[in-house]
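Contents: one structure, followed by commentary.
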Amino acid sequence: MKVVIILPTYNEKDNIERLIPILEQDIFPKIKNHDMSILVADDNSPDGTGTVVKRFMKKWDNIALSSGEKQGLGAALVRGMTYAMKNLNADILFGMDADFFHDPKKIPIFLEKIEQGHDMAIGTRYSNGGSIPANWGLHRKVFSIVGNLLVRTILMRFRIHDWTGGFRAIKKEVFLKERNEMISFKGYTFQVAFLHKAVRDGFRVAEVPFAAHDRTLGRSKIAPLEYITNLLKYVITARFHEVLHSSFLKYAITGLVGYAINAITLEVLFKNGMHPSAAGAIGGELAIIWNFSMNNFWSFKKHRITKPLKFLLKFPQFNLVALGSLVMISAVLGIGTHYYGESSRQILLIFAIIFFVIPYSYTMYNVFIWKRWRVSFLAKLQEKVG
Ligand SMILES: Nc1nc2c(ncn2[C@@H]2O[C@H](COP(=O)(O)OP(=O)(O)OP(=O)(O)O)[C@@H](O)[C@H]2O)c(=O)[nH]1
Ligand SMILES: [Mg+2]
């Protein structure tokens, strides 16, 4: 595959002077099964980074330079990745800082992860032997660790440990899918936003641990306060948006209305002379029909069942799941009222719904009815059964 190492630079003359020969002489010769190149995405650095790159371009023909106005790291990366794809025919876009924060010796491991079928391989400082620079002051260490923990917690995505770094091998398909959404992320938030969108869209991400090293040459470009503000703004709004559009919220609203249908039907039929158990059962079935339809066409829309025959076959299964909920409710009510008396029935019902019915039914819908979650042991079982 054609791999382009993209080095964003702003005033990195001394670093680029060291890094390019290391890549060309020490790293690339060890990579046999890929066609390696370098693209420097420089923002007309006043220190003459571009001139150094042009000098190297005369020595090695696999080096390119994309110069542009300084708009920030994210903007330089979007420009560089677009250039690498269009002008250099890149299959893999490999981002890396130019200041030796990222260890070039790790590059082959990232490529192995892609060969194994991942869409993205990302460097991590926070797991399996990765580390942050030992010489960082305490406040910087705490900042870095807490910052990443905060991102993971707010986004509720814990599998990935390092969200903010830029040591990443990305298949071009991932960039093509996310490019339009990424244009507005001109600064450092680009890294978190890009990874978040890639994970959201189901791209497979592998982590590669590495020991980060503080720069010894040149100066840092990051403005910490602005960075933190933008980062928090992104993760909070992104999470809020996700919750607002989540299947879970729609499922919860559907269930709440379903409950109202059940209660109203019971009241109306009872007042017209029907026995409460019959009235309750009819109300229950109406709620089940409502829940099944709304979840199918709204909450789990992306996985909806459209074929009429399949829809009809799924309905009894859905009823079976609902039966499970009924068993749970009556068990909690039976045991609870035994201990706390009949007056606790409404509290017990709420308790049963929150702690038993919701976790149970939401899981059953996702695993068995609409099959949004792939449970590995089940998948294996299905493969065996054929
Ligand atoms: N083209 C371009 N590159 C940038 C810009 N901002 C930062 N970079 C590059 O992005 C990489 C990471 O930036 P750094 O300033 O090292 O940020 P950092 O790694 O968070 O901070 P330090 O390692 O402490 O310096 C470096 O190679 C920078 O030269 C920018 O606006 N434009
Ligand atoms: Mg750096």
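The values are calculated or read from the model by the stated rules, or taken from the named source; none is laboratory data. Note that this is a predicted model, so its numbers are computed, not measured. Methodologically, a virtual Cβ is constructed for each residue, glycine included, from the backbone with ideal geometry; neighbour enumeration extends over all protein chains shown. To get the accessible areas, we keep the full protein, side chains included, count just its heavy atoms, and leave off ligands, DNA and RNA. Shrake-Rupley method; radii C 1.70, N 1.55, O 1.52, S 1.80 Å.
Please give the length that would be gained between Leu225 and Met1 if that part of the chain were fully extended, namely 0.36 nm times their separation in residues minus their C-alpha to C-alpha distance (nm, one decimal). Walk me through the numbers on the way to the answer.
Details: separation 224, 0.36 × 224 = 80.64 nm, distance 3.96 nm.
Between Leu225 and Met1, full extension yields an extra 76.7 nm.
I'd like the Karplus ³J(HN,Hα) series for region 252-263: coefficients 6.51, -1.76, 1.60, θ = phi - 60°, whole numbers in Hz, and an x wherever there's a Gly or Pro.
Going residue by residue, I get 5, 5, 4, x, 5, 5, x, 4, 4, 4, 4, 5 Hz, with x marking Gly and Pro.
222 nm [θ] for the chain, helices only, -39500 (n - 2.57) per DSSP H run of 4+, per residue, to 500?
Working: 14 runs with 208 residues, N = 386.
Mean residue ellipticity at 222 nm (helix-derived): -17500 deg cm²/dmol.
Run the dipole for the chain about the Cα centre, Lys and Arg Cβ at +1, Asp and Glu Cβ at -1, nothing else charged, and hand back the magnitude in debye, nearest 20.
Numbers: 49 positive and 31 negative charges, 123 e Å.
Roughly 600 debye for the chain.
Taking only Cα atoms and a 10 Å spring cutoff, compute GNM fluctuations for the chain and point out the largest among His241, His196, His275.
Among His241, His196, His275, the largest GNM mean-square fluctuation belongs to His275.
With θ set to phi - 60°, apply the Karplus curve 6.51 cos²θ - 1.76 cosθ + 1.60 along region 283-296 and write out the HN-Hα couplings as whole Hz, x wherever there is a Gly or Pro.
Calculated HN-Hα couplings, in order: x, x, 5, 4, 5, 5, 4, 4, 4, 4, 5, 5, 5, 5 Hz.
Helix 73-88 versus the longest principal axis of the chain: what is the Cα-based angle in degrees, 0 to 90, to the nearest 10?
80 degrees
Sort Tyr339, Tyr259 by heavy-atom solvent-accessible area, probe 1.4 angstrom, most to least. Mind dumping the intermediate values first?
Working: Tyr339 165, Tyr259 125 Å².
Accessible-area ranking of Tyr339, Tyr259, largest first: Tyr339, Tyr259.
How long are the semi-axes of the equivalent ellipsoid of region 247-385, taking √(5λ) for every eigenvalue λ of the Cα gyration tensor, in whole Å from largest down?
Numbers: eigenvalues 168, 76, 34 Å².
Semi-axes from the Cα gyration tensor: 29, 19, 13 Å.
Would region 79-128 count as rounded, prolate or oblate if I go by the C-alpha gyration tensor, calling it rounded below 1.5 in a/c and otherwise prolate when a/b exceeds b/c, oblate otherwise? Mind dumping the intermediate values first?
Values: a/c = 2.34, a/b = 1.35, b/c = 1.74.
It is oblate, given that a/c is not under 1.5 and a/b is not larger than b/c.
To check you understand DSSP bridge types, tell me what percent of the beta bridges within region 2-222 (both residues inside) are antiparallel, rounded to 5.
Bridges in region 2-222 are about 25 percent antiparallel.
Amide H of Arg204 versus every other amide H placed in the peptide plane: which residues, excluding those fewer than 5 positions away on the same chain, fall under 5 Å?
Under 5 Å from the amide H of Arg204: Asp119, Met120.
If you roll a 1.4 Å probe over the heavy atoms of the protein chains, what accessible area per residue do you get for region 247-385, in Å²? Before the final figure, lay out each step's value.
Values: 9330 Å² over 139 residues.
Solvent-accessible surface per residue comes out at 67 Å².
Could you tell me whether region 2-222 comes out rounded, prolate or oblate from its Cα gyration tensor? Rule is a ≥ b ≥ c as square roots of the eigenvalues, rounded for a/c under 1.5, then prolate if a/b exceeds b/c, otherwise oblate. Each step should come with its number before you reach the end.
Values: a/c = 1.39, a/b = 1.22, b/c = 1.14.
Rounded shape, in that the Cα axes give a/c under 1.5.
To the nearest 0.05, what FRET efficiency results for Arg179 and Val146 with a Förster distance of 35 Å applied to their C-beta separation?
Values: r = 31 Å, r/R0 = 0.89.
E between Arg179 and Val146, to the nearest 0.05, is 0.65.
Calculate, in nm to one decimal, what Ile22 and Val367 gain on full extension: separation in residues at 0.36 nm each, minus their alpha carbon distance. Don't skip to the answer; put the middle values down first.
On the way: separation 345, 0.36 × 345 = 124.20 nm, distance 4.96 nm.
Answer, rounded to one decimal: 119.2 nm.
Trypsin sites (Lys or Arg not before Pro) within region 1-73: which are DSSP loop residues with at most 16 other Cβ atoms inside 10 Å? Write down the numbers at each step before the final one.
On the way: sites: Lys2, Lys13, Arg18, Lys30, Lys32, Lys54, Arg55, Lys58, Lys59, Lys70; in loops: Lys32, Lys70.
Passing sites in region 1-73 are Lys32, Lys70.
His118 accessible area, nearest 10 Å², 1.4 Å probe?
Using a 1.4 Å probe on the heavy atoms, I get roughly 50 Å².
Measuring from label point to label point, each 7 Å out along Cα→Cβ, what is the His139 to His275 span in nm?
7.6 nm
Using a 1.4 Å probe and ignoring any ligands, DNA or RNA, find the accessible area of Asp99 and quote it in Å² to the nearest 10.
20 Å²
Which FRET efficiency, nearest 0.05, do Lys310 and Lys32 yield, Cβ-Cβ r, R0 41 Å?
Values: r = 49 Å, r/R0 = 1.20.
FRET efficiency, Lys310 to Lys32: 0.25.
Apply the Karplus curve 6.51 cos²θ - 1.76 cosθ + 1.60, θ = phi - 60°, to the phi angles in region 229-240 and return the couplings in whole Hz, x for Gly and Pro.
Karplus values, whole Hz, x for Gly and Pro: 4, 5, 5, 4, 4, 5, 5, 5, 5, 5, 5, 4.
Heavy atoms only, 1.4 Å probe, whole protein assembly: order Leu225, Leu7 by accessible area, highest first.
Of Leu225, Leu7, the descending order of accessible area is Leu225, Leu7.
Consider a paramagnetic label point 7 Å from the Cα of His303 along Cα→Cβ; state which residues of region 346-371 have an amide N under 16 Å from it.
Hits in region 346-371 for His303 at 16 Å: 359-371.
Take every DSSP beta bridge with both residues inside the chain and express the antiparallel ones as a percent of the total, to the nearest 5. All intermediate terms of the calculation are to be shown ahead of the outcome.
Numbers: 7 of 30 bridges.
Of those bridges, close to 25 percent are antiparallel.
Work from the charge dipole of the chain (Cβ charges, +1 for Lys and Arg, -1 for Asp and Glu, about the Cα centre) and give the residue of Ser37, Ala331, Ile264 farthest towards its positive end.
Ile264
Full-extension gain between Glu285 and Ser67, please, as 0.36 nm times their residue separation minus the C-alpha to C-alpha distance. Please report the intermediate quantities before stating the final value.
Details: separation 218, 0.36 × 218 = 78.48 nm, distance 6.59 nm.
That works out to 71.9 nm of additional length.
Above 36 Å lies some portion of the pair distances; for the chain, what is it as a whole percent of all C-alpha pairs?
On the way: 31072 of 74305 pairs.
Cα-Cα pairs of the chain separated by over 36 Å account for 42 percent.
Probe 1.4 Å, all protein chains in place: accessible area of Leu217 in Å², nearest 10?
Counting only protein heavy atoms, the figure is 50 Å².
Let me check against my output: what whole-number percent is the relative contact order of the chain, with C-alpha pairs under 8 Å and at least 6 apart? Write out the running numbers ahead of the final one.
On the way: 514 pairs, mean separation 54.6, N = 386.
That works out to 14 percent.
Within the accessible area of the chain, what % is carbon and sulfur when the probe is 1.4 Å and the other protein chains stay in place?
Working: 13230 of 21050 Å².
Carbon and sulfur together cover 63 percent of it.
Name the long-range amide H neighbours of Asp97: under 5 Å, sequence gap of 5 or more, or other chain; modelled H, no Pro or chain starts.
His102
On a 1.4 Å probe surface of the protein chains, which of Thr124, Thr337 comes out largest in accessible area, and what is the full order? Numbers along the way, then the final one.
Numbers: Thr124 0, Thr337 40 Å².
These residues rank, largest area first, as Thr337, Thr124.
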